[in-house]
Each structure stands twice: as structure tokens, then as C-alpha cells.
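A short worksheet on the structure shown next.
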């Protein structure tokens with residue numbers, strides 16, 4: 001019975017009904033793109049079939065012309081210039097030691113005061129940006145915001161934070177687009193921040209350069225679209241298995257992001273990535289992931305077919 005209720009779209013719609021403040025922005029966007037939906041309605045990629053709208057593309061020319069670009073080292077500049085080609089960029093020494101230490105202290109205080117809890121296998125602290133102004137301030141760093149605006153060719157709005165302390169995600173290869181989806185596609189961008197040195201033995205991020213150019217593998221890619229009343233029956237493991245099989249069809253190089261404290265990795269919505277095993281348990285794995293949506297995109301969660309609750 002519980003599984004049935006979880007698959008029933010009406011369950012989510014009732015919940016959404018009471019979240020109008022955080023969902024009402026969708027009403028104008030639905031009108032803009034010609035969707036006959038209420039703010040609380042289910043939404044998935046199937047709703048956009050047949051609509052003619054190109055994917056969002058990073059605007060590298062505008063980024064290079066922005067004065068903020070000159071703040072970065074030549075290596076970081078070259079990495080940003082290659083974003084369209086490889087789907088990610090690395091900026092070394094972006095945050096200072098003082099900025100990082102302040103965030104680590106803020107997370108420690110939130111844990112100690114029990115304002116946050118570890119979730120998803122006791123690994124992740126979700127949405128600390130809503131509990132700490134120090135954490136939120138890092139997400140709204142002015143120069144970072146300018147870079148991200150160009151990479152989504154619009155306005156990047158902070159949606160979510162995920163903090164890791166003792167362990168990394170160790171998550172299998174995936175694209176964020178399945179979890180945080182947009183129309184037009186490409187309206188999400190991720191930022192991973194090293195809050196301490198991350199080496200090969202304490203769970204670095206892995207990614208596949210160029211994989212963002214592959215098709216967007218959404219519900220239809222693993223037969224999980226469901227019906228007008230019910231969500232699909234497939235499990236997340238079915239998606240992971242599908243991605244693993246897709247990787248065998250393409251010649252893509254897997255790379256690890258070993259990082260120094262303060263380094264950041266920025267990636268495209270469709271870049272395939274995941275977390276390596278945390279081998280050395282004597283080490284912590286302090287890091288933070290930030291996800292940003294492009295403000296004028298319809299933002300939703302493909303698997304559960306829920307509109308994204310945005311706290312502007």
C-alpha cells in the first residue's frame with residue numbers, strides 16, 4: 001500500500017497545493033511555454049514533447065568579455081573557455097582558507113545544535129543554505145554568480161546545497177538532469193566545492209568529459225514514464241544500470257577530481273559524474289555541492305514528476 005501511495009501522482013499534487021508561495025512562479029512559465037497546468041500539477045519531460053525550443057547553451061563569449069574573467073589564473077581561464085567542449089570547468093583556489101573554514105564551522109554548529117541531520121545513508125546534509133547565512137553567502141558569491149549566469153545564459157538561482165563531512169556520496173554515475181530537470185533542457189548547473197583537500201583515497205568526484213553532449217536520458221530512456229495517474233514502476237537502480245550500459249556504447253574517458261581546499265568544479269546539467277569509493281576512513285571528506293536553476297526555466301524533478309520548490 002505504501003508503495004502504491006508513493007507512485008500516486010495525486011499524493012504529490014496535494015502536497016504541492018499547500019506550497020503555492022514556492023511554486024506560483026511556474027504559472028507564468030507554463031503560460032510562456034503553452035502548458036495548460038496548475039502550479040500544483042505533475043510535470044515531466046513528456047509534457048514538452050513536440051514543443052519547439054532549443055536547449056540552453058553556455059555563453060562563453062560573454063563570459064570571456066566579462067571583467068570577472070580576468071580575476072582567474074590562466075589555467076582556470078582556459079578551463080572555462082573549454083566548458084562547451086568538455087562540459088565542466090575547474091577553478092583553482094577560488095575560495096580562501098578563511099571562507100572555507102567559516103563554512104566548516106557553520107556546518108559543525110548546525111550539526112551540534114541539531115538544526116540539520118545526515119540523510120541518504122547518513123552521508124548528506126541537505127539545504128544548509130536555509131539554516132546558515134554563512135553557507136548561503138558562499139552560494140551567492142558575487143564573482144561565482146557572474147560566471148554561472150553566463151554558463152546558463154540567464155540568471156542562475158541557488159536551489160539546493162548538499163554538504164558532506166565524514167563520507168562522500170559514493171554515488172554511481174548519473175546526470176543531474178534526471179533529478180533536477182528543466183525545460184528548456186540545460187537550465188541547471190552544479191558547483192562542487194572542496195572544503196578540505198580531497199585525494200584519491202577519500203572519495204573524489206569522477207566525471208566523463210564530453211558526456212554532456214550525449215542525449216538527455218530521462219524517464220523514457222528506461223521505460224519509467226508511468227501513466228496520467230501513476231508514476232513509473234522502475235527503481236533508481238534501473239536508471240543506474242541503464243547509464244552503465246550507455247557508457248559501454250561510447251568511448252568516454254573517466255577522470256577524477258582530486259582537489260585542494262578552496263578549489264571548485266563547475267559542471268553542465270547533463271555531464272555524467274558520480275562519487276568514488278571513500279577508501280581511507282580515517283580521513284574526512286568535507287565538501288559542498290550547490291545546484292542552480294536558470295530563473296526563466298521550468299524546473300522540476302523528472303522521476304517524481306514534481307515541480308521544484310524554489311525558495312527565492
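Per-structure values
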{"quantity": "Among the residues listed as 100, 68, 90, the single one being in contact with a helix residue (DSSP H, G or I) (Cβ under 8 Å, 6 or more places away or on another chain), assigned to a helix (DSSP H, G or I) and surrounded by 12 or more Cβ atoms within 10 Å (Cβ to Cβ)", "calculated": "68"}
{"quantity": "Hey, residue 12 modelled with pLDDT under 95, surrounded by 14 or more Cβ atoms within 10 Å (Cβ to Cβ) and either under 23 Å from the mean Cα position of the chain (by Cα) or closer than 22 Å to residue 198 by Cα (or both) or not", "calculated": "yes"}
{"quantity": "Residue list for region 8-26, restricted to those being more than 22 Å from residue 296 (Cα to Cα) and in contact with a strand residue (DSSP E or B) (Cβ under 7 Å, 6 or more places away or on another chain)", "calculated": "8, 9, 12"}
{"quantity": "Evaluation of residue 216 against (1) touching a helix residue (DSSP H, G or I) at 6+ places or on another chain (Cβ under 8 Å); (2) under 17 Å from residue 7 (Cα atoms); (3) assigned to a loop (DSSP other than H, G, I, E, B) (one fails), failing number", "calculated": "(2)"}
{"quantity": "Residue count, region 257-267 (criterion: closer than 14 Å to residue 204 by Cα and part of a loop (DSSP other than H, G, I, E, B))", "calculated": "4"}
{"quantity": "Checklist (1) more than 20 Å from residue 45 (Cβ to Cβ); (2) surrounded by fewer than 20 Cβ atoms within 10 Å (Cβ to Cβ) applied to residue 216, failing item", "calculated": "(1)"}
{"quantity": "Filter result (under 15 Å from residue 267 (Cα atoms), crowded, with 22+ Cβ neighbours inside 10 Å and in contact with a strand residue (DSSP E or B) (Cβ under 7 Å, 6 or more places away or on another chain)) within region 164-179", "calculated": "177"}
{"quantity": "Flag if residue 110 is part of a helix (DSSP H, G or I), buried (at least 21 other Cβ atoms within 10 Å of the Cβ), more than 15 Å from the chain's Cα centre (by Cα) and touching a residue at least 12 places away in the same chain (Cβ under 8 Å)", "calculated": "no"}
{"quantity": "Test: residue in region 246-256 that is closer than 30 Å to residue 76 by Cβ and in a strand (DSSP E or B)", "calculated": "yes"}
{"quantity": "Residues being under 14 Å from residue 198 (Cβ atoms) and over 16 Å from the mean Cα position of the chain (by Cα) - total across region 273-312", "calculated": "9"}
{"quantity": "Residue in region 88-104 that is farther than 16 Å from residue 69 by Cβ and modelled with pLDDT under 95 present", "calculated": "no"}
{"quantity": "Residue that is farthest from residue 3 (Cα to Cα) [pool: residues in region 219-239 that are in contact (Cβ under 8 Å) with a residue 40 or more places away in the chain and part of a helix (DSSP H, G or I)]", "calculated": "220"}
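For (1) closer than 22 Å to residue 182 by Cβ; (2) at pLDDT below 95; (3) surrounded by fewer than 23 Cβ atoms within 10 Å (Cβ to Cβ), each residue gets a yes or a no:
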site: 254; (1), (2), (3): no, no, yes
site: 269; (1), (2), (3): yes, no, no
site: 274; (1), (2), (3): yes, no, yes
site: 279; (1), (2), (3): no, no, yes
site: 283; (1), (2), (3): no, no, yes
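The values are calculated or read from the model by the stated rules, or taken from the named source; none is laboratory data. Keep in mind that what you see is a predicted model, and the values were worked out from it rather than measured. In this analysis, Cβ positions are derived from the backbone assuming ideal geometry, glycine residues included, and neighbour counts consider all displayed protein chains.
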